[in-house]
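*Asks:* Dropping the structure in here first, questions after.
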Amino acid sequence: MAALRLFHPAARLVSATRPAPALRTAFRATASLPSISRSRGYASSSGVKEMTVRDALNEAMAEEMEQNEKVFVLGEEVAQYNGAYKVTKGLLDRFGDKRVIDSPITESGFGGLTVGAALAGLHPICEFMTFNFAMQAIDQIINSAAKTHYMSGGIQPCNITFRGPNGFAAGVAAQHSQDYTAWYGSIPGLKVVAPYSSEDAKGLLKAAIRDPNPVVVLENELLYGLSFPMSEAAQKDDFVIPFGKAKIERPGKDLTIVTLSRCVGQSLVAAEELKKRYGVEAEVINLRSIKPLDVEAIVNSVKKTGRMLAVESGFPSFGVGSEIMALTCEHVFDHLTAPPARVTGAEVPTPYAQKLEEMAFPTEELIVQYAARVVGV
Amino acid sequence: MLSRTIRRSIAAPIRRNAFVPAAARPAFRCVTTDAASSYADKEAVPKEDDKPFEVRLSDESFETYELDPPSYTLNTTKGELKQMYYDMVAVRRMEMAADRLYKEKKIRGFCHLSTGQEAVAVGIEHAIDKQDHLITAYRCHGFALMRGGTVKSIIGELLGRREGIAYGKGGSMHMFAPGFYGGNGIVGAQVPVGAGIAFANKYEDKKNVTLALYGDGASNQGQVFEAFNMAKLWDLPIIFGCENNKYGMGTAANRAAALTDYYKRGQYIPGLKINGMDVLAVKAAVQYGKQWCAEGKGPLVYEYVTYRYGGHSMSDPGTTYRTREEIQRMRSTNDPIAGLKQKLLDWGVTSEEELKAMDKEARANVDAEVAEAEKMAPPDPVAKVLYEDIYVRGSEPAFLRGRIPEENFYYDQVDLGGEQKPVART
């Protein structure tokens, strides 16, 4: 198969030799990208390689488009502009304007249009420049995409992937900083994932595109430029991460931190700090998948540690943290040695000024302090 | 006045290549809602049911916007005319059955009937193929029937039966069939979805047309204009169709819309206003639009002028915002079924006796299917039925939560069977 694919132009990008894209002007790292994103291409002797989340998402889409003619990308600035956050960079050059389509800035309209295309049998990737703007299309996501299969008695599937950055960004104030995980995570008929690392990003997005149901992929703008190691398996074009399986990013015995998206990174830093300061071993669970949620992983971990702290960046009321606390109480109440707790975003429309903004979202230090209180050290 | 300005400003570039001598065009008049305005030469009507002959439509059948009108002559056959008549009678009979069942409290929730609007669903179906696509709003029973649903499955759905068209999961507003995408309950949302279906057709180089229908109320929705924009931008093969029944729920069109010429509201999209009470005019228009789309000319905006005899839904008597006289006048003088009936008799297509026999047959068939539907069992109130088809079979999560944890539904513990055999698709 690999030999066959060599003749496809896309095989060049898909193949493991990372430096190759340098030949493609469209893929050359530009000065406008954070320097960290330019570290791609580094390959260690073990075959593990560094890749940014942005490139992992790009690779996921490119591979799926290569493998399935029905897959196309539509969204604002995805084609000629190369993506507002450069996630779709180079796709227009590779796949042409039939499959990489710049849409007007009309979320409700193009959200609905991509849903219609999915009902008619295509597999659209609908990119929202951010999920804040997807609010204009949330009716289409929920009422037209998520519910149609059930309402039709199972005769009308809707294979669509909605993706884009979600949650906190830096210095963009209230209308561009909201976390919608809880909103989408509450809808039966949808599947919702929130990748943290590059492997997450690639594996979950590929699984989302292949999944016959509507899937919402909640990325995070601040993660796009970060590099993570990609295993050899993850570099292959058949790499997918199954939904509903959380990943234990760091094992521990004293406290379970259940978290997602960018807060995974913060929680990992906090866990190291907890160890350093207090000798506390926190187990960090990266949920990866919000719907379905890996309740079993949470239950098993809390049975071991007896303590649960949820860390997320959404508004606190009726949020992901509340849900995880509720599930913890329902399933493992008797194993708890301390009340379950949560660190969330503040109940405040995100302010612009930097120091105020910092107060509106979880920070590593806050996680450390609150975790220490939960553990009682 | 606004419409005149728009018209003038964009008229020149579009019309340049489409100039037709004024004399060849019918004098400009308002579209009639006379259901019996077509003409055929009785002498020219053939004996055989399947031999084509020509019907001339009234020159008040259409009004155009930046568009040459469809041909005012329509080739049809006696067989087709009789089928159209039968179909309209069947749709009406089915809606009347729904009315009765609702009043007997056997139908729950909302129930929007299309009595009076039959010519739109029937005329469209007679102009398109099964491979074409149609999506509409919640007043969908007639379309579901025409697209291949059975009376039994539609009434069964209204009654919430397991053998209903959506297995009792959708109800009145959500019915699906091959080439029929519902049955959508959110006003206006089906219009961009329809544009997406047309997008898929174009993407796959298919020549099929998509019809996206909405009411006069929905035509004021922002997303309708978003769909217009993308459809024109990408030349999507779609006919947007406003079923103008004069009232968006209880609000008269002119109380909700700044411009009630719905066929002009595509602005940069050619439009056509159609006598939606004349099934022949509807067929001629849609046939023309299908051809237009197949030629890659992009979208059209149609307005089917029609009238709903009943209220918005069953809970609306339909008389607080319009007069009984108005309803009575439309019923007695503009009825699509009575109109076609008169023409069939005038043209000698059929006899009074044959028509009566057809009426009887349609009623008997519908009534028999309704009776069967009433005998069908409701879905078993068990978790297996409740939780099936939320996700595509085989791709479900491990479990979904019930009202309490003990009610959680684990997919691996129940055999849902393979793919559900679609009732509507047989």
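The values are calculated or read from the model by the stated rules, or taken from the named source; none is laboratory data. Given the structure is predicted, the values throughout are model-derived calculations rather than measurements. FYI the Cβ positions are ideal-geometry reconstructions off the backbone, even for glycines, and counts take in every protein chain you see.
*Asks:* Within the group A:Gly112, A:Gly203, A:Gly116, A:Gly121, which residue is touching a helix residue (DSSP H, G or I) at 6+ places or on another chain (Cβ under 7 Å), away from chain B (no Cβ under 14 Å) and either surrounded by 24 or more Cβ atoms within 10 Å (Cβ to Cβ) or modelled with pLDDT of 95 or more (or both)?
*Replies:* A:Gly203
*Asks:* Further question on the same structure: Please find, among A:Ser152, A:Ser144, A:Ser198, the residue that is hydroxyl-bearing (Ser, Thr, Tyr), buried (at least 23 other Cβ atoms within 10 Å of the Cβ) and more than 14 Å from chain B (Cβ to nearest Cβ).
*Replies:* That would be A:Ser198, the only listed residue that is hydroxyl-bearing (Ser, Thr, Tyr), buried (at least 23 other Cβ atoms within 10 Å of the Cβ) and more than 14 Å from chain B (Cβ to nearest Cβ).
*Asks:* I would also like to ask the following. How many of the residues in the stretch A:186-195 are within 14 Å of chain B (Cβ to nearest Cβ) and touching an Asp or Glu at 6+ places or on another chain (Cβ under 7 Å)?
*Replies:* 1
*Asks:* Would you say B:Ala189 is farther than 20 Å from A:Ile138 by Cβ, free of Cβ contacts under 8 Å to residues at least 60 places away in the same chain and hydrophobic (A, V, I, L, M, F, W, C)?
*Replies:* Spelling it out, it is not the case that B:Ala189 is farther than 20 Å from A:Ile138 by Cβ, free of Cβ contacts under 8 Å to residues at least 60 places away in the same chain and hydrophobic (A, V, I, L, M, F, W, C).
*Asks:* Can you tell me which residues in the stretch A:309-333 are of a type outside the set (Phe, Trp, Tyr), surrounded by fewer than 20 Cβ atoms within 10 Å (Cβ to Cβ) and more than 14 Å from chain B (Cβ to nearest Cβ)?
*Replies:* Correct list: A:Pro316, A:Ser317, A:Ser322, A:Met325.
*Asks:* Quick one: which residue in B:Phe225, B:Phe180 is more than 9 Å from every other protein chain (Cβ to nearest Cβ) and closer than 25 Å to B:Asn275 by Cα?
*Replies:* After ruling out the rest, the residue left standing is B:Phe180.
Yes/no matrix, rows are residues, columns are (1) more than 12 Å from the chain's Cα centre (by Cα); (2) on the phi < 0 side of the Ramachandran plot; (3) surrounded by fewer than 24 Cβ atoms within 10 Å (Cβ to Cβ):
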site	(1), (2), (3)
B:Gln83	yes, yes, yes
B:Met94	yes, yes, no
B:Asp99	yes, yes, yes
B:Lys103	yes, yes, yes
B:Ile107	yes, yes, yes
B:Val120	no, yes, no
B:Thr136	no, yes, no
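*Asks:* Identify, please: which residue in the stretch B:42-59 is touching a residue at least 24 places away in the same chain (Cβ under 8 Å) and surrounded by fewer than 16 Cβ atoms within 10 Å (Cβ to Cβ) and is, among those, nearest to the chain's Cα centre (by Cα)?
*Replies:* Only one residue fits best here, namely B:Asp59.
*Asks:* Residue check, A:Leu113 against (1) among the hydrophobic types (A, V, I, L, M, F, W, C); (2) within 27 Å of B:Thr136 (Cα to Cα); (3) in contact with a strand residue (DSSP E or B) (Cβ under 7 Å, 6 or more places away or on another chain), all met but one. Which one?
*Replies:* Of everything listed in (1) among the hydrophobic types (A, V, I, L, M, F, W, C); (2) within 27 Å of B:Thr136 (Cα to Cα); (3) in contact with a strand residue (DSSP E or B) (Cβ under 7 Å, 6 or more places away or on another chain), A:Leu113 misses just condition (3).
*Asks:* Quick one: which of B:Thr350, B:Thr306, B:Thr320 is hydroxyl-bearing (Ser, Thr, Tyr), in contact with a helix residue (DSSP H, G or I) (Cβ under 9 Å, 6 or more places away or on another chain) and farther than 30 Å from B:Phe199 by Cβ?
*Replies:* Among B:Thr350, B:Thr306, B:Thr320, only B:Thr350 is hydroxyl-bearing (Ser, Thr, Tyr), in contact with a helix residue (DSSP H, G or I) (Cβ under 9 Å, 6 or more places away or on another chain) and farther than 30 Å from B:Phe199 by Cβ.
*Asks:* Moving on to the next point. Give the residue, chosen from B:Lys297, B:Lys290, that is touching a residue at least 60 places away in the same chain (Cβ under 8 Å), part of a helix (DSSP H, G or I) and within 30 Å of B:Gly196 (Cβ to Cβ).
*Replies:* After ruling out the rest, the residue left standing is B:Lys290.
*Asks:* Shifting gears a bit: Quick one: count up the residues across the stretch A:335-353 that are over 23 Å from the mean Cα position of the chain (by Cα) and either within 14 Å of chain B (Cβ to nearest Cβ) or among the β-branched types (Val, Ile, Thr) (or both).
*Replies:* Selection size over the stretch A:335-353: 2.
*Asks:* Determine, yes or no, whether B:Ala144 is away from chain A (no Cβ under 13 Å) and of a type in the set (Gly, Ala, Ser).
*Replies:* No.
*Asks:* Give the residues of the stretch A:335-364 that are within 14 Å of A:Thr305 (Cβ to Cβ) and assigned to a helix (DSSP H, G or I), sorted by residue number.
*Replies:* If the condition is that a residue be within 14 Å of A:Thr305 (Cβ to Cβ) and assigned to a helix (DSSP H, G or I), then A:His335 is the only one that fits.
*Asks:* In addition: Taking only the stretch A:187-205 into account, find how many residues are touching a residue at least 60 places away in the same chain (Cβ under 8 Å) and closer than 30 Å to B:Leu386 by Cα.
*Replies:* 8
*Asks:* Sticking with this one: Filter the helices (runs of 4 or more DSSP H) completely within the stretch B:303-414 down to those with at least 3 residues that are within 30 Å of B:Glu48 (Cα to Cα) and under 29 Å from the mean Cα position of the chain (by Cα).
*Replies:* Helices (runs of 4 or more DSSP H) meeting the threshold: B:336-346, B:352-375.
*Asks:* Could you list, in sequence order, all residues of the stretch A:160-185 that are within 14 Å of another protein chain (Cβ to nearest Cβ) and without any contact (Cβ under 8 Å) to a residue 60 or more places away in the chain?
*Replies:* Once the filter is applied, which keeps residues that are within 14 Å of another protein chain (Cβ to nearest Cβ) and without any contact (Cβ under 8 Å) to a residue 60 or more places away in the chain, the stretch A:160-185 yields A:Ile160, A:Thr161, A:Phe162.
*Asks:* Can you confirm whether the stretch A:213-235 contains a residue that is within 14 Å of another protein chain (Cβ to nearest Cβ) and assigned to a helix (DSSP H, G or I)?
*Replies:* no
*Asks:* Would you check if B:Ala231 is without any contact (Cβ under 8 Å) to a residue 40 or more places away in the chain, within 14 Å of chain A (Cβ to nearest Cβ) and farther than 30 Å from B:Asn334 by Cα?
*Replies:* Considered against the rule, which asks whether it is without any contact (Cβ under 8 Å) to a residue 40 or more places away in the chain, within 14 Å of chain A (Cβ to nearest Cβ) and farther than 30 Å from B:Asn334 by Cα, B:Ala231 comes out as no.
*Asks:* Got a sec? Which of B:Ile337, B:Ile327 is free of Cβ contacts under 8 Å to residues at least 24 places away in the same chain and either surrounded by fewer than 19 Cβ atoms within 10 Å (Cβ to Cβ) or out of contact with any Gly (no Cβ under 9 Å at 6 or more places or on another chain) (or both)?
*Replies:* On inspection, the qualifying residue turns out to be B:Ile327.
*Asks:* Right, something else. Within the stretch A:351-377, which residues are polar (S, T, N, Q) and either touching a Phe, Trp or Tyr at 6+ places or on another chain (Cβ under 7 Å) or without any contact (Cβ under 8 Å) to a residue 24 or more places away in the chain (or both)?
*Replies:* Answer for the stretch A:351-377, where residues must be polar (S, T, N, Q) and either touching a Phe, Trp or Tyr at 6+ places or on another chain (Cβ under 7 Å) or without any contact (Cβ under 8 Å) to a residue 24 or more places away in the chain (or both): just A:Gln369.
*Asks:* Another one. Looking for whichever is more than 23 Å from B:Leu113 (Cα to Cα), of a type in the set (Ser, Thr, Tyr) and modelled with pLDDT of 95 or more here; the options are B:Tyr268, B:Tyr214, B:Tyr262. Which one fits?
*Replies:* On inspection, the qualifying residue turns out to be B:Tyr268.
*Asks:* Just to be sure, is A:Ala84 surrounded by fewer than 23 Cβ atoms within 10 Å (Cβ to Cβ), in contact with an Asp or Glu (Cβ under 9 Å, 6 or more places away or on another chain) and at pLDDT below 95?
*Replies:* no
*Asks:* Restricting to the stretch B:196-214, name every residue that is over 15 Å from the mean Cα position of the chain (by Cα), at the interface with another protein chain (Cβ under 9 Å from one of its Cβ atoms) and either under 25 Å from B:Arg308 (Cα atoms) or free of Cβ contacts under 8 Å to residues at least 60 places away in the same chain (or both).
*Replies:* B:Gly196, B:Phe199, B:Ala200, B:Tyr203, B:Glu204
*Asks:* Take the residues of the stretch B:222-263 that are under 19 Å from the mean Cα position of the chain (by Cα) and of a type in the set (S, T, N, Q): which is surrounded by the most Cβ atoms within 10 Å (Cβ to Cβ)?
*Replies:* B:Asn244
*Asks:* Still on this structure, I have one more. Please enumerate the residues belonging to the stretch A:244-266 that are assigned to a loop (DSSP other than H, G, I, E, B) and under 27 Å from A:Leu190 (Cα atoms).
*Replies:* A:Gly244, A:Lys245, A:Ala246, A:Leu260, A:Ser261, listed by residue number.
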